[in-house]
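A short worksheet on the structure shown next.
The values are calculated or read from the model by the stated rules, or taken from the named source; none is laboratory data. Treat the numbers as computed from the prediction; the structure is a model and nothing was measured. Cβ atoms come from the backbone with ideal geometry, glycine included; neighbour counts cover every protein chain shown.
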Amino acid sequence: MNLASQVMSASTPPPVRVGFYGAGFISQFHVAALAASSVPNEIVAVHDPDAERAARFAASHGGRAVGEDELLELVDAVYVATWTSEHPRLVEKAAAAGRAVFCEKPVAVDAPTVERMVAAVERAGVVNQVGLVLRFLPSFRWVRHLVRDEQAGRVLAVVFRDDQYIPNQGVYGSTWRVDAARAGRGTLLEHSIHDVDILQWLLGPVCAVSATAREVHGHPGIDDVVVARLDFAGGASASLVSVWHDILERPSLRRVEVFCERLYVALEGDVAGPVRWRFAGEEEQVLEGDELRTAIAEAGDVGTVNSATAFLSAVRDGRPAEPSLADALPAHRAVDALYRSAGAGGAVVRLDHDQVDAPA
Ligand SMILES: NC(=O)c1ccc[n+]([C@@H]2O[C@H](COP(=O)([O-])OP(=O)(O)OC[C@H]3O[C@@H](n4cnc5c(N)ncnc54)[C@H](O)[C@@H]3O)[C@@H](O)[C@H]2O)c1
């Protein structure tokens, strides 16, 4: 080894050793994010009780299919990408072993369990991140940049629509999403936890909510039509419609309209835009795809757009990651409050003192 390569090997940190609990649909997304990450990493292990899935995953992405306990001996960091009911046990186990942990959303089936998980990762002092990945998208970041512009004035109202075909079919094909014992709840928790997180990331804390929830497909405990109202401590109000239908041509689509005093913004198509906006007295403008990435960078938002890079760099550098399990708590508390409201016939539930008022 010559001097240059000796210096290089002394200063280059080794790749982060990554393991997976769960070898299903979303793990493929994380594999792609790891492959695209600028932080060196290596997939060394996978565990899935579906042994065939685990073996296929290892054959395609590297590492070995191993038992649940053995995995923690092999990794620096673990992705918990199982169905929701298994997240708490596996996150607590990884934390107790001192491993960094990335937990998919929803973090758990209810907020008190998320609180317990936050306490576990904080007690263990491990790096932790959650799969609230919409926060990484340039499209949502550009919307946030626009509404924070002084010229916009105050945010008045948001209309948020999220629709997806019920995911026990098509590319998701999961039986567990219509099984309340494993999913906890339906579209509001399983899918729209993203939306409730984005709304608070955009507008600040929610102070009161109300909702109706229906189970049209007839799976007990699995809501598929939710109409919600959220009031924000900062003064804005939002409506959220979350629907699971059977239109297989619509896998997962969002449309968000934000009305400020002097700005209108519409996000059409969540991942790549377009984002259309108009300030009072100006022409309409529109950006989509890579233009949005350029726009956020030019506006000074130079954070990564890769959730794996955010996680791995925190693991490598030994500093906190974002969004953390604690960052997911406000969304979980608001979702729990929305379900309490729906269970009380649409009564207003206040988040500050957790109180249910009679319907107006
Ligand atoms: N961030 C996002 O946008 C997003 C998108 C889809 C799914 N998700 C979340 O990711 C999680 C997984 O969803 P999916 O679509 O990949 O489901 P999936 O059914 O495709 O995969 C889940 C896998 O977990 C395995 N599993 C169950 N218990 C396990 C255990 N104890 N140890 C190891 N493996 C176990 C199952 O056998 C299955 O192979 C869910 O919490 C879901 O809500 C997030």
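Report, by residue number, each residue of the stretch 63-78 that is without any contact (Cβ under 8 Å) to a residue 40 or more places away in the chain and part of a helix (DSSP H, G or I).
If the condition is that a residue be without any contact (Cβ under 8 Å) to a residue 40 or more places away in the chain and part of a helix (DSSP H, G or I), then ASP69, GLU70, GLU73 are the ones that fit.
Let's see how each residue does on (1) exposed (fewer than 13 other Cβ atoms within 10 Å of the Cβ); (2) at positive phi; (3) more than 23 Å from the chain's Cα centre (by Cα):
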{"position": "GLY281", "(1), (2), (3)": "yes, yes, yes"}
{"position": "ALA299", "(1), (2), (3)": "no, no, yes"}
{"position": "GLU322", "(1), (2), (3)": "no, no, no"}
{"position": "VAL335", "(1), (2), (3)": "no, no, no"}
{"position": "VAL348", "(1), (2), (3)": "no, no, yes"}
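Would you check if LEU230 is of a type in the set (A, V, I, L, M, F, W, C), within 18 Å of the chain's Cα centre (by Cα) and at pLDDT 95 or above?
no
Hey, among the residues in the stretch 30-60 that are touching a helix residue (DSSP H, G or I) at 6+ places or on another chain (Cβ under 9 Å) and among the small types (Gly, Ala, Ser), which one's farthest from the ligand (Cβ to nearest atom)?
SER38
Filter the stretch 48-59 down to residues that are touching a residue at least 12 places away in the same chain (Cβ under 8 Å) and surrounded by fewer than 19 Cβ atoms within 10 Å (Cβ to Cβ), then give me how many there are.
Within the stretch 48-59, residues that are touching a residue at least 12 places away in the same chain (Cβ under 8 Å) and surrounded by fewer than 19 Cβ atoms within 10 Å (Cβ to Cβ) number 4.
Being of a type outside the set (Ser, Thr, Tyr), in contact with a Phe, Trp or Tyr (Cβ under 6 Å, 6 or more places away or on another chain) and crowded, with 22+ Cβ neighbours inside 10 Å narrows it down to one residue among ASP223, ASP195; which is it?
Going through ASP223, ASP195 in turn, just one is of a type outside the set (Ser, Thr, Tyr), in contact with a Phe, Trp or Tyr (Cβ under 6 Å, 6 or more places away or on another chain) and crowded, with 22+ Cβ neighbours inside 10 Å: ASP195.
Given the structure, is TRP142 away from the ligand (no atom under 16 Å from the Cβ), assigned to a helix (DSSP H, G or I) and either aromatic (Phe, Trp, Tyr) or assigned by TED's automatic domain parsing to the domain that holds LYS105 (or both)?
Considered against the rule, which asks whether it is away from the ligand (no atom under 16 Å from the Cβ), assigned to a helix (DSSP H, G or I) and either aromatic (Phe, Trp, Tyr) or assigned by TED's automatic domain parsing to the domain that holds LYS105 (or both), TRP142 comes out as yes.
What about VAL101, is it within 15 Å of the ligand (Cβ to nearest atom) and aliphatic (A, V, I, L, M)?
Answer is yes for this residue.
Do we have ASP162 as acidic (Asp, Glu) and under 19 Å from the mean Cα position of the chain (by Cα) here?
yes
Tell me yes or no: at least one residue of the stretch 209-223 is more than 19 Å from VAL348 (Cα to Cα), without any contact (Cβ under 8 Å) to a residue 12 or more places away in the chain and of a type outside the set (A, V, I, L, M, F, W, C).
Looking for residues that are more than 19 Å from VAL348 (Cα to Cα), without any contact (Cβ under 8 Å) to a residue 12 or more places away in the chain and of a type outside the set (A, V, I, L, M, F, W, C), one finds at least one in the stretch 209-223, hence yes.
What pairs come up if the first residue lies in the stretch 288-311 and is farther than 28 Å from TYR79 by Cα, the second is part of a loop (DSSP other than H, G, I, E, B) and not small (Gly, Ala, Ser), and their beta carbons are under 8 Å apart, counting only those six or more places apart or on different chains?
GLU288/PRO274
Given the conditions (1) within 19 Å of ASP336 (Cβ to Cβ); (2) more than 14 Å from the ligand (Cβ to nearest atom); (3) charged (D, E, K, R), and given that ARG123 satisfies all but one, which numbered condition is not satisfied?
Looking at each condition in turn, ARG123 falls short on (1).
Going by what's in this entry, would VAL206 be described as under 23 Å from VAL91 (Cα atoms), hydrophobic (A, V, I, L, M, F, W, C) and crowded, with 20+ Cβ neighbours inside 10 Å?
no
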